[in-house]
1. Read through the list (1) part of a loop (DSSP other than H, G, I, E, B); (2) over 22 Å from SER372 (Cα atoms), then give the number of the only condition that TYR240 fails.
2. List the number of the failed condition for GLU406; all other conditions in (1) away from the ligand (no atom under 16 Å from the Cβ); (2) part of a strand (DSSP E or B); (3) of a type in the set (D, E, K, R) hold.
3. If you scan the range 152-185, which residues turn out to be touching a helix residue (DSSP H, G or I) at 6+ places or on another chain (Cβ under 9 Å) and away from the ligand (no atom under 16 Å from the Cβ)?
4. Which of the strands (runs of 3 or more DSSP E) contained wholly in the range 124-206 include at least 2 residues that are open to solvent by 50 Å² or more (accessible area, probe 1.4 Å)?
5. Output yes when any residue across the range 146-154 is at positive phi and either among the hydrophobic types (A, V, I, L, M, F, W, C) or touching a Gly at 6+ places or on another chain (Cβ under 9 Å) (or both), and no when none is.
6. Determine which member of the set THR222, THR125, THR188, THR226 is in contact with a helix residue (DSSP H, G or I) (Cβ under 9 Å, 6 or more places away or on another chain) and either of a type in the set (Asp, Glu) or within 16 Å of the ligand (Cβ to nearest atom) (or both).
7. Of the conditions (1) open to solvent by 10 Å² or more (accessible area, probe 1.4 Å); (2) under 23 Å from PRO213 (Cβ atoms), ILE267 clears all except one; give me its number.
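The values are calculated or read from the model by the stated rules, or taken from the named source; none is laboratory data. This one's a predicted model, so the numbers in the text were calculated from it and none came from an experiment. Ideal geometry is used to build each Cβ from the backbone, glycine not excepted, and the neighbour counts take in all protein chains shown. Side chains included, ligands, DNA and RNA excluded: accessible areas come from the protein's heavy atoms. Shrake-Rupley method; radii C 1.70, N 1.55, O 1.52, S 1.80 Å.
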Amino acid sequence: MTATDVPRWTEHVDNPYLQGIHAPTTHETTAFELPVVSGEVPTDLFGAYVRNGPNQVFEPTNLYHWFDGDGMVHGVYFRDGAVSYRSRFVRTVGRDDEARAAASIWPGVMGPYDHSKPRHYLKDTANTDVIYHNGNLLALWYLCGTPYRLDPLTLDARGSEDFCGKLHTTVSAHPKVDERTGELVYFTLSDFEPPYMTYGVVSKDGALVHEVPIDLPGPRATHDITITENYSILHDFPFYHDAKLVKEHGYRVARFHRDEPSRFGVIPRRGGAGDVRWFEFEPGYVLHMVNAWEEGDWIVMDGCFEPDPSIRRNPEEGELASMLGYLRVRAHLRRWRMNLATGECREEALDDLNVEFPLPDTELYGVKTRYSYHQYLPEDMYTVEFRALVKYDHETGARTTYDYGEGWFASESPFARRLRGKDEDDGYVVTIVTHAKELRSECWVFAAKEIERGPIARVALPSRVPSGFHAKWVSGDRIWGQA
Ligand SMILES: [Fe+2]
């Protein structure tokens, strides 16, 4: 079955990340009073599920990678049991340039790059994460780009974010907001010259108030950052590209340097460059951490660890082999501990299930969390498929799962506290699912305490939602004011 909302050019581009659940849509949609397919939408679910993802507009000039598509944000809004939906492209500078040219200008991450292109050798698509801070949604890019502001309700563009005129670098995809102070903590990377990492803090009211160069041995491919109440944790993994290859040959090829350690740098929230303390662990890579917190002198951090991030290329897959192999992630839950008094390091595997896209209650970033919600990735997946929802109880080690069922593939699934919810898991888990054959989408709501029961409400979405990257829950008081 071919969806009618797919760009015509996809018909003659042989790439699985432009087909089926991954195919881009040409639709920007607004719809109210969405029909409930089954169950009942809880009236104490108040807020919005927002998700970013790639949605390529023009036919690529070179090989297409799943990470290349133009950013599109989808929002599903819940209020008094009624549900509405919006989807909007992120109005990036690069997308505007290509709209004027009516064609792709930049090659994608698989290269080869042309360093004469405007601004950067790649297009900043802002397609990776979407977070809420200081009254705006911010759309962000994993290779470090301009944060783009969106209206949290309408998803209308509000221009780029420069943190009160003080941001002179880019920002990576996963800054963390500390809900107790309202601060946003971020890092950014540089490919070609030191500082290869810069660490920064933005105040509750949106002003950049702290910026520190971080001394790294070379360019890195760090993806995430973690916070505790008093510290931030910077990540340096031995899985990175060769800057010379990028500059001279126009390719960005990440290699696993298995003789080098994974390192975490602990810096006081507003510490200086000389305050970073580095802790060394087993080599590997982590795309996404679950959370981090302090326990006495210990920093404790949970994340999805890849013990062998080297790219498993299948030569039979031809010119797409590197991308397909890279995206077949093998990651499982791990805990790291760092003692600030003694320097002692400990690490342990917490499970062996292949999971990624972890989320705790994101309003509890930086303090101890008991629960997190992940996506199960089948070992035999051809392209990335979120096949089941997994809930971890980090206190007992128990996990519960819900298989989305034949043909259904989900999105990252945040926790949504219910109105007046008390316990850490007193609320819901929300996701968007798309059916691979029927090419239609629904929004599913789970009771967080019993995800294994399956969705307690299924709501039909008016447009197909392509597979995507990161999602968040934004509480209703930030969108509409107090309930
Ligand atoms: Fe990510």
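1. Among (1) part of a loop (DSSP other than H, G, I, E, B); (2) over 22 Å from SER372 (Cα atoms), TYR240 violates only (1).
2. Failing condition for GLU406: (2).
3. PRO152, SER160, GLU179
4. In the range 124-206, the matching strands (runs of 3 or more DSSP E) lie at 157-160.
5. no
6. Result: THR125 is the single residue among THR222, THR125, THR188, THR226 that is in contact with a helix residue (DSSP H, G or I) (Cβ under 9 Å, 6 or more places away or on another chain) and either of a type in the set (Asp, Glu) or within 16 Å of the ligand (Cβ to nearest atom) (or both).
7. If we test ILE267 against (1) open to solvent by 10 Å² or more (accessible area, probe 1.4 Å); (2) under 23 Å from PRO213 (Cβ atoms), just (1) comes out false.
Quick grid of which residues meet (1) hydrophobic (A, V, I, L, M, F, W, C); (2) more than 20 Å from the chain's Cα centre (by Cα); (3) within 16 Å of the ligand (Cβ to nearest atom):
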{"site": "GLY421", "(1), (2), (3)": "no, yes, no"}
{"site": "LYS437", "(1), (2), (3)": "no, yes, no"}
{"site": "LYS449", "(1), (2), (3)": "no, yes, no"}
{"site": "SER467", "(1), (2), (3)": "no, no, yes"}
{"site": "TRP473", "(1), (2), (3)": "yes, no, no"}
